[in-house]
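What follows is a set of notes on a single structure, which appears directly below.
The values are calculated or read from the model by the stated rules, or taken from the named source; none is laboratory data. Everything numeric here is computed off the predicted structure, so don't read it as measured data. A quick note on method: Cβ atoms are made from the backbone with ideal geometry, for glycine too, and the neighbour counts reach across all protein chains shown.
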């Protein structure tokens, strides 16, 4: 198996070499990650400026590249630039959960959607921003769950969120808003956005938002297809 790893926290993210070391147990690993943090870049790509790409040493015996662009572009470079085949993409482990409707902003999730566009199975991994070691310790259990349930035979894109010391694994669907933002005026016509979690706590453990808030590890199958099939059928049948 050939595995591509990327993230949106950047090539210097503390979790990156650990994830690469874990993935080496499964096959050959290549890392292409942003030169600097790209959180909130969603599925953006760079089509105008020149892009710096440098090979770097992560210290874990894998080929690794730092790319001065977005997570989606990192996937594009690995496939279209290096012209290499990959069987799986792992994106993360993100410092902070990617849940509910807010996944549309996520560079971590954007990378797996680029994988979907290129026909490569992909898994986004995110965890509590306070500590990524608990997520690393959970990876064996996540791998076993994927294998036992044959998840990658059922779908090709998954969003995984791992709370600290989780209570168990739940297969979930996308919930509602997890974060909201405020525009703070700091003077001279300048504003900054400040985000904070939505305080509402639900108990529907089929939703990724509620499951993670309740302490469960959430695995959500995603779809690259944005067609509203119900409306399509109603208008064409």
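Screening residue 114 with (1) modelled with pLDDT under 95; (2) over 19 Å from residue 20 (Cα atoms) gives one miss only, at (1).
Of all residue pairs spaced 6 or more apart or on separate chains, those with beta-carbon atoms under 7 Å, a first member in the stretch 35-54 that is at positive phi and a second member that is assigned to a loop (DSSP other than H, G, I, E, B) are 42/106. I want to confirm something. Restricting to the stretch 1-39 and keeping residues that are over 16 Å from the mean Cα position of the chain (by Cα) and part of a strand (DSSP E or B), which single residue is farthest from residue 73 (Cα to Cα)? Here the residue is 28.
Checked across the stretch 168-185, the condition of being touching a helix residue (DSSP H, G or I) at 6+ places or on another chain (Cβ under 7 Å), in contact (Cβ under 8 Å) with a residue 60 or more places away in the chain, farther than 17 Å from residue 223 by Cβ and buried (at least 17 other Cβ atoms within 10 Å of the Cβ) holds for at least one residue. Scanning the stretch 42-57 for residues that are touching a helix residue (DSSP H, G or I) at 6+ places or on another chain (Cβ under 6 Å) and either in a helix (DSSP H, G or I) or under 28 Å from residue 137 (Cα atoms) (or both) returns a single hit, 42.
Mind checking which residues of the stretch 148-159 are closer than 18 Å to residue 138 by Cα, in contact with a strand residue (DSSP E or B) (Cβ under 9 Å, 6 or more places away or on another chain) and either part of a helix (DSSP H, G or I) or without any contact (Cβ under 8 Å) to a residue 60 or more places away in the chain (or both)? The answer is 149, 151. Is there a residue being over 25 Å from residue 110 (Cβ atoms) and in contact with a strand residue (DSSP E or B) (Cβ under 9 Å, 6 or more places away or on another chain) anywhere in the stretch 189-197? No; the residues of the stretch 189-197 include none that is over 25 Å from residue 110 (Cβ atoms) and in contact with a strand residue (DSSP E or B) (Cβ under 9 Å, 6 or more places away or on another chain).
The sole residue among 135, 124, 72 that is within 15 Å of the chain's Cα centre (by Cα), buried (at least 22 other Cβ atoms within 10 Å of the Cβ) and either at pLDDT below 95 or not in a helix (DSSP H, G or I) (or both) is 124.
Residues that are crowded, with 22+ Cβ neighbours inside 10 Å, touching a helix residue (DSSP H, G or I) at 6+ places or on another chain (Cβ under 7 Å), on the phi > 0 side of the Ramachandran plot and in a strand (DSSP E or B): does the stretch 92-102 have at least one? Yes, the stretch 92-102 contains a residue that is crowded, with 22+ Cβ neighbours inside 10 Å, touching a helix residue (DSSP H, G or I) at 6+ places or on another chain (Cβ under 7 Å), on the phi > 0 side of the Ramachandran plot and in a strand (DSSP E or B).
Of the residues in the stretch 208-226, at least one is exposed (fewer than 10 other Cβ atoms within 10 Å of the Cβ), closer than 29 Å to residue 116 by Cα and modelled with pLDDT under 95.
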